[in-house]
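A.B. asks: Can you read through this structure? Questions will come right after.
The values are calculated or read from the model by the stated rules, or taken from the named source; none is laboratory data. Just so it is clear, the model here is predicted, and its values are computed rather than measured. No Cβ is skipped: glycine too gets one built from the backbone with ideal geometry, and neighbour counts run over all protein chains shown. Side chains are part of the model used for accessible areas, which takes the heavy atoms of the whole protein and leaves out ligands, DNA and RNA. Shrake-Rupley method; radii C 1.70, N 1.55, O 1.52, S 1.80 Å.
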Amino acid sequence: MTGPRPATKHAVPAAGEICRLSAVELADRIRRRQLSVHEVVAAFLDRIEAVNPQVNAIVSLRDPADILAEAATADAHLAGGGEAGTLFGLPIAIKDLALTKGLRATFGSPIFADFVPGEDDFFVERVRKAGAIIIGKTNVPEFGLGSNTYNSVFGSTHNAFDPALTAGGSSGGAAVALALDMLPVADGSDFGGSLRNPAAYNNVYGFRPSQGLVPGGPDLEVFHAQMGVDGPMGRNISDMALLLDVQAGYHPHAPLSWEKPGSFLEGLATPASGGRVAWLGDLGGHLPLEPGILDLCEAALGRFADASFRTEPLLPDFDFEALWQAFVTLRQASSGSALKIHYDDPRKRGLLKPEAVWEVENAMRLTAPQIRAASVVRTSWHKVLLSLFERFDLVALPTAQVFPFAVSTHWPNQVAGRAMDSYHRWMQVSAFATLGGCPALNVPVGFDAKGRAMGMQLIGPPSSDLAVLRAGAAYEATLPWQAGAS
């Protein structure tokens with residue numbers, strides 16, 4: 001099986017093969033001086049120039065002359081016997097929700113259209129220290145709200161396979177840039193599916209790590225922000241492990257962070273030995289799903305059996321509507337409260353999109369007992385998950401409830417004939433891993449008859465990140481097509 005060729009794909013340039021190499025191989029060839037940093041960076045800049053105007057995935061691109069000068073400096077460093085970090089010489093664009101010192105960070109909002117931070121997010125600082133060359137940013141929805149990447153600063157990002165369709169979000173720019181070979185690897189972030197959903201929509205991998213594995217910050221909510229995480233995206237599992245090795249680990253200014261157990265990339269050298277998978281499907285009809293999604297996921301689980309992973313359908317005994325309402329409450333208490341500072345400023349309130357205003361106004365109505373009650377429901381779900389993981393190695397769910405939709409549609413107002421009551425209700429399937437603090441990996445499952453990509457979540461117990469990545473590598477070996485859009 002192969003995916004359809006994307007409408008945005010151009011003829012491969014002379015250096016096109018460089019852009020198709022994995023991040024792991026590129027880093028190795030640079031380190032061995034089989035490829036120069038200048039050659040690699042120039043190839044990706046050429047690819048961006050050819051493709052990005054049609055999809056708008058990479059934004060705030062630095063002056064190419066400055067980027068190439070930095071590449072030349074890196075080559076001189078190697079020639080002089082200097083050490084090469086894990087990501088040395090790899091061109092990377094950072095998701096535009098992260099702080100990037102000296103490089104514009106808009107968060108997709110006109111409020112921050114000209115904001116240039118004086119510091120990096122913790123993981124961005126680590127990416128720099130690992131030798132990557134930061135070339136620009138990847139596009140996002142305003143403040144990361146919703147799974148359709150559009151904003152009034154840069155406009156919309158278009159799907160890698162059909163420019164009429166959404167890229168997903170909020171890591172939509174990152175997913176499309178990967179799928180179209182504009183980046184070798186990319187970062188993303190995930191609160192309600194933002195690493196997983198766009199990966200599914202663009203036939204790549206996205207990994208939401210366990211809570212605390214990748215330190216968040218710097219910010220003012222180091223004890224409060226417990227549901228949003230940063231993580232890697234890639235065209236294969238090994239590339240994600242390469243980036244996760246750099247992102248992960250304890251940071252003294254992130255008190256809920258913890259030390260990584262070792263190298264994830266090296267850990268992949270020990271293959272998965274199979275396991276048991278609990279398939280939750282559509283939760284006995286609780287989740288409305290567009291026709292065709294379950295079929296693709298169940299066919300993928302059939303392939304997974306070739307890697308000795310046995311699947312058993314399962315419906316946990318839980319009030320899933322109460323769980324969703326707990327997610328909504330906790331998201332409003334976190335995201336809505338954080339946005340209130342802009343809402344309270346009359347000059348800025350009118351610049352907020354309706355979904356941001358909705359989050360803020362609902363946050364203002366919350367009471368402490370309501371937030372505590374939501375936390376209790378979340379804790380109960382966590383206990384249910386832990387009991388499941390006593391019997392199963394993984395829990396599997398579709399990554400999305402609808403296929404990629406028209407990019408002009410802000411969000412689906414109905415799914416399978418069922419009305420959606422909020423801008424994110426159609427992403428409910430993403431909340432289960434988030435509320436459990438679990439690692440969750442999107443793996444591609446193929447395309448429907450219209451050529452629209454879909455994915456499936458593989459969810460593991462908290463802190464079992466390496467085991468989930470190993471399972472993902474075993475699944476990847478069963479795929480009859482490549483990730484990305486080539």
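A.B. asks: What's the carbon and sulfur percent of the range 226-329's accessible surface, probe 1.4 angstrom, rounded to a whole number?
C.D. replies: Looking at the range 226-329 in its full context, I get 52 percent from C and S.
A.B. asks: Can you list residues from other chains, or at least 5 along the same chain, whose modelled amide H is less than 5 Å from the amide H of Ala186?
C.D. replies: Amide H neighbours of Ala186: Met233.
A.B. asks: Related question: To the nearest 20 debye, what is the magnitude of the charge dipole of the range 112-234 about its Cα centre, counting +1 on the Cβ of each Lys and Arg and -1 on the Cβ of each Asp and Glu?
C.D. replies: Taking the Cα centre of the range 112-234 as origin, the dipole is about 300 debye.
A.B. asks: Can you give the longest run of the chain that contains no trypsin sites (Lys or Arg not before Pro) sitting in a DSSP loop with at most 11 other Cβ atoms inside 10 Å?
C.D. replies: 33-390
A.B. asks: If you average 1/r over every pair of different alpha-carbon atoms in the range 257-334 and take one over that average, what Kirkwood value in Å do you get?
C.D. replies: 16.0 Å
A.B. asks: Further question on the same structure: Can you find, among Val402, Pro288, Gly217, the residue sitting farthest towards the positive end of the charge dipole of the chain, where Lys and Arg contribute +1 and Asp and Glu -1 at Cβ?
C.D. replies: Toward the positive end, the furthest listed residue is Pro288.
A.B. asks: Then there's this: If I take the Cα coordinates of the range 280-395 and project them onto the principal axes, what are the three extents in Å, biggest first?
C.D. replies: Cα spread of the range 280-395 along its principal axes, largest to smallest: 59, 31, 24 Å.
A.B. asks: Further, regarding this structure: List every residue whose amide H lies under 5 Å from the amide H of Val445, counting only residues 5 or more places away in sequence or on a different chain, with H placed 1.01 Å from N in the peptide plane.
C.D. replies: It is Met454, Gly455, Met456, by chain and number.
A.B. asks: Which net charge results when you count Lys and Arg as +1 and Asp and Glu as -1 among the other residues whose beta-carbon is under 12 Å from that of Ala199?
C.D. replies: Every neighbour counted, the sum reads +2.
A.B. asks: Whole angstrom only: what separates the Cα centroid of the range 137-158 from the Cα centroid of the range 238-316?
C.D. replies: So the separation of the two Cα centres works out to 26 Å.
A.B. asks: Give the Kirkwood hydrodynamic radius (Å, one decimal) of the range 58-107, defined as one over the mean of 1/r across all pairs of different Cα atoms.
C.D. replies: One over the average 1/r among Cα pairs gives 12.5 Å for the range 58-107.
A.B. asks: Could you state the accessible area per residue of the range 340-486 in Å², with a 1.4 Å probe and every protein chain left in place? Write out the running numbers ahead of the final one.
C.D. replies: Numbers: 5860 Å² over 147 residues.
Value for the range 340-486: 40 Å² per residue.
A.B. asks: Here is a follow-up. Tabulate in residue order the Karplus-calculated ³J(HN,Hα) for the range 188-194, using 6.51 cos²θ - 1.76 cosθ + 1.60 with θ = phi - 60°, rounded to whole Hz; enter x for Gly and Pro.
C.D. replies: x, 9, 8, 10, x, x, 5
A.B. asks: Would you list, by chain and number, the lysines whose Cα falls below 26 Å from the Cα of Lys340, excluding same-chain residues fewer than 8 positions away?
C.D. replies: Excluding near neighbours in sequence, the set is Lys95, Lys101, Lys137, Lys348, Lys353.
A.B. asks: Now for a separate question. Using only the Cα atoms of the range 323-449, what do you get for the radius of gyration and for Dmax, in Å?
C.D. replies: Just the Cα atoms of the range 323-449 yield Rg and Dmax of 17.1, 54 Å.
A.B. asks: For the range 391-396, just list the computed ³J(HN,Hα) in residue order, Karplus coefficients 6.51, -1.76 and 1.60, θ = phi - 60°, integers in Hz, with x standing in for Gly and Pro.
C.D. replies: So the J values, rounded to whole Hz, are 10, 10, 7, 9, 10, 10.
A.B. asks: About the Cα centre, and with charges only on the beta carbon of Lys, Arg (+1) and Asp, Glu (-1), how big is the dipole of the chain? Nearest 20 debye, please.
C.D. replies: For the chain, the charge dipole is close to 280 debye.
A.B. asks: What does the convex hull of the Cα atoms of the range 89-235 come to per residue, in Å³, rounded to a whole number? Intermediate results must be reported in sequence, preceding the final value.
C.D. replies: Values: hull volume 14.6 nm³, N = 147.
Convex hull volume per residue, Cα atoms: 99 Å³.
A.B. asks: On the first, second and third principal axes, largest extent first, how far apart are the outermost C-alpha atoms of the range 77-128 in Å?
C.D. replies: For the range 77-128, the Cα extents along the three principal axes come out at 45, 17, 15 Å.
A.B. asks: Something else now. Match the structure shown to one of the listed values [x] 1.30; [y] 1.02; [z] 0.91 of Cα Rg over 2.2 N^0.38 Å, computed from it, and give that label.
C.D. replies: Computed from these coordinates, Cα Rg over 2.2 N^0.38 Å corresponds to label [z].
A.B. asks: Moving on to the next point. Could you size up the charge dipole of the range 281-347 around its Cα centre, putting +1 on the beta carbon of Lys and Arg and -1 on that of Asp and Glu, and report it in debye to the nearest 20?
C.D. replies: That gives the range 281-347 a dipole magnitude of about 360 debye.
A.B. asks: Given the -39500 (n - 2.57) contribution per DSSP H run of 4+ residues, what per-residue ellipticity at 222 nm results for the chain, rounded to the nearest 500 deg cm²/dmol? Can you show the working numbers first?
C.D. replies: Details: 17 runs with 171 residues, N = 486.
Calculated mean residue ellipticity at 222 nm is -10500 deg cm²/dmol.
A.B. asks: When DSSP beta bridges are limited to those with both residues in the chain, what percentage is antiparallel, rounded to the nearest 5?
C.D. replies: In the chain, DSSP labels about 70 percent of beta bridges as antiparallel.
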